[in-house]
Amino acid sequence: MNSRRSFLRSAAVAAAALPFASRSMAEAEPGLPFKISLAGWSLHLSFFTGKLSHLDFPLIAKRDFGISAVEYVNQFWMGKATDQDYLKGLKQRADDNGVTSVLIMCDREGNLGDPDEAKRKKAVDNHVKWLEAAKFLGCHSIRVNAHSSGTREEQAKLAADGLAQLSNLAKPLGLNVIVENHGGFSSDGQWLSNVIKSVNLPNCGTLPDFGNFKIATGEYDRYQGVDEMMPFAKGVSAKSHDFDPAGNETHTDYTKMLDIVVKKHGYHGYIGVEYEGKLLSEPDGIKATTALLKRAGAALAKK
């Protein structure tokens, strides 16, 4: 860990920090008021089974889907965060194909809101290697979880503490720490937005996901949840599962959601295609989600 601390200190002195991703960080897609990225989770079956090599993700995004920005998922390369050869190979593939590395989604590194102070600190430390990898790849953020235990109020306080620690470590690198609605209280938009307010750091924000709003009492209203998270958003995830014959997602009204994201909150950054359905193949699900985003986005742009 000492070497990583040294890396962070030297990065602050020896290199100018990348600017924090703004709400209009991306030049909009032609005809659209936002840019489209591809979330690695859309290909999770192919990556987990080895059908596709994660190292080729940037190439696959551009070649197979015409998408020039990617969102990595650390679960597909858990042992490679500090592997310089792997990182160089991944970056080279992105550069060779004109693909932007947007963020790294980080899981399985401990709970940033763990009630045990030592475990909470360990979780923070476990994420540092992903900050370093994100910096190397040119990402603007790492996406983390706000998992904890205890009462609603206790979890909010603990999660805010862990997020603040990690965000302060990310600051010298010019990186953001962003939280997705991803289970537990984090799927409660009001709770999560209040946690981010409590952290009160410019590089700590949210990654609103169109889905993932299941809470203990049932389903949190996804439109309300995204609306509550958007003031702090530094990325957006267009989750999809199923489509009707007209190509509309059956669980989320994309037109209504984009009205909230773009029109109401003025977001013009990357919106990630994240297909998680079972009826369509992964490639077909990605294509259906991309087509829907483009269609709904183009209609919004004409309003």
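The values are calculated or read from the model by the stated rules, or taken from the named source; none is laboratory data. In this text the structure is predicted, and so the values were computed from the model without any measurement. FYI the Cβ positions are ideal-geometry reconstructions off the backbone, even for glycines, and counts take in every protein chain you see.
List every residue pair whose Cβ atoms sit under 7 Å apart, with the two residues 6 or more apart in sequence or on different chains, where the first one lies in the stretch 172-183 and is within 25 Å of residue 221 (Cα to Cα) and the second, anywhere, is in a loop (DSSP other than H, G, I, E, B) and among the hydrophobic types (A, V, I, L, M, F, W, C).
What qualifies is 179/146; 181/213.
Across the stretch 206-232, what is the total count of residues that are more than 12 Å from residue 146 (Cβ to Cβ) and in a strand (DSSP E or B)?
5
Here is a yes/no grid of residues against (1) surrounded by 22 or more Cβ atoms within 10 Å (Cβ to Cβ); (2) over 21 Å from residue 111 (Cβ atoms):
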residue	(1), (2)
195	yes, no
205	yes, no
209	yes, no
214	no, no
217	no, yes
223	no, yes
226	yes, yes
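Being part of a strand (DSSP E or B) and farther than 22 Å from residue 68 by Cβ, is that true of even one residue in the stretch 242-257?
Taking the stretch 242-257 first, the residues part of a strand (DSSP E or B) are 243, 249.
From what's left, farther than 22 Å from residue 68 by Cβ: 243, 249.
Among the residues of the stretch 242-257, at least one is part of a strand (DSSP E or B) and farther than 22 Å from residue 68 by Cβ, which makes the answer yes.
Since residue 13 meets every condition but one in (1) surrounded by fewer than 21 Cβ atoms within 10 Å (Cβ to Cβ); (2) modelled with pLDDT of 95 or more; (3) of a type in the set (Val, Ile, Thr), which condition does it not meet?
(2)
Just give me the residues in the stretch 91-145 being without any contact (Cβ under 8 Å) to a residue 40 or more places away in the chain, touching a strand residue (DSSP E or B) at 6+ places or on another chain (Cβ under 9 Å) and under 21 Å from residue 65 (Cβ atoms), in sequence order.
Answer for the stretch 91-145, where residues must be without any contact (Cβ under 8 Å) to a residue 40 or more places away in the chain, touching a strand residue (DSSP E or B) at 6+ places or on another chain (Cβ under 9 Å) and under 21 Å from residue 65 (Cβ atoms): just 104.
How many residues, within the stretch 45-79, are in contact with a Phe, Trp or Tyr (Cβ under 9 Å, 6 or more places away or on another chain), touching a residue at least 40 places away in the same chain (Cβ under 8 Å) and more than 22 Å from residue 98 (Cα to Cα)?
Adding up the residues that qualify gives 0.
Would you check which residues across the stretch 54-89 are loosely packed, with under 13 Cβ neighbours inside 10 Å and not hydrophobic (A, V, I, L, M, F, W, C) and list them? Outline the logic, then answer.
Let us first name the residues in the stretch 54-89 that are loosely packed, with under 13 Cβ neighbours inside 10 Å, namely 63, 66, 78-79, 84-85, 88.
Scanning the stretch 54-89 gives 63, 66, 79, 84, 85, 88.
Just to check your reading of the model, which residue among 135, 122 is basic (Lys, Arg), surrounded by fewer than 24 Cβ atoms within 10 Å (Cβ to Cβ), closer than 19 Å to residue 74 by Cβ and out of contact with any helix residue (DSSP H, G or I) (no Cβ under 6 Å at 6 or more places or on another chain)?
Numbers: 135 fails: out of contact with any helix residue (DSSP H, G or I) (no Cβ under 6 Å at 6 or more places or on another chain).
The match here is 122.
One line per residue, one yes/no per condition, for (1) of a type in the set (Val, Ile, Thr); (2) modelled with pLDDT of 95 or more; (3) surrounded by 18 or more Cβ atoms within 10 Å (Cβ to Cβ); (4) in contact with a Gly (Cβ under 9 Å, 6 or more places away or on another chain):
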| site | (1), (2), (3), (4) |
| --- | --- |
| 263 | no, yes, no, no |
| 269 | no, yes, yes, yes |
| 284 | no, yes, no, no |
| 288 | no, yes, yes, yes |
| 292 | no, yes, yes, yes |
| 298 | no, yes, no, yes |
| 303 | no, no, no, no |
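What residue, of 294, 256, is charged (D, E, K, R) and either within 17 Å of the chain's Cα centre (by Cα) or farther than 27 Å from residue 58 by Cα (or both)? Show your work before the answer.
Working: 294 fails: either within 17 Å of the chain's Cα centre (by Cα) or farther than 27 Å from residue 58 by Cα (or both).
Result of the check over 294, 256: 256.
Any residue at all in the stretch 196-207 that's within 13 Å of the chain's Cα centre (by Cα) and either at pLDDT below 95 or more than 20 Å from residue 271 (Cβ to Cβ) (or both)? Spell out how you get there, then give the answer.
The initial filter retains those residues of the stretch 196-207 that are within 13 Å of the chain's Cα centre (by Cα), namely 204-207.
This time we only want the ones that are either at pLDDT below 95 or more than 20 Å from residue 271 (Cβ to Cβ) (or both), so: 204.
Within the stretch 196-207, one or more residues are within 13 Å of the chain's Cα centre (by Cα) and either at pLDDT below 95 or more than 20 Å from residue 271 (Cβ to Cβ) (or both).
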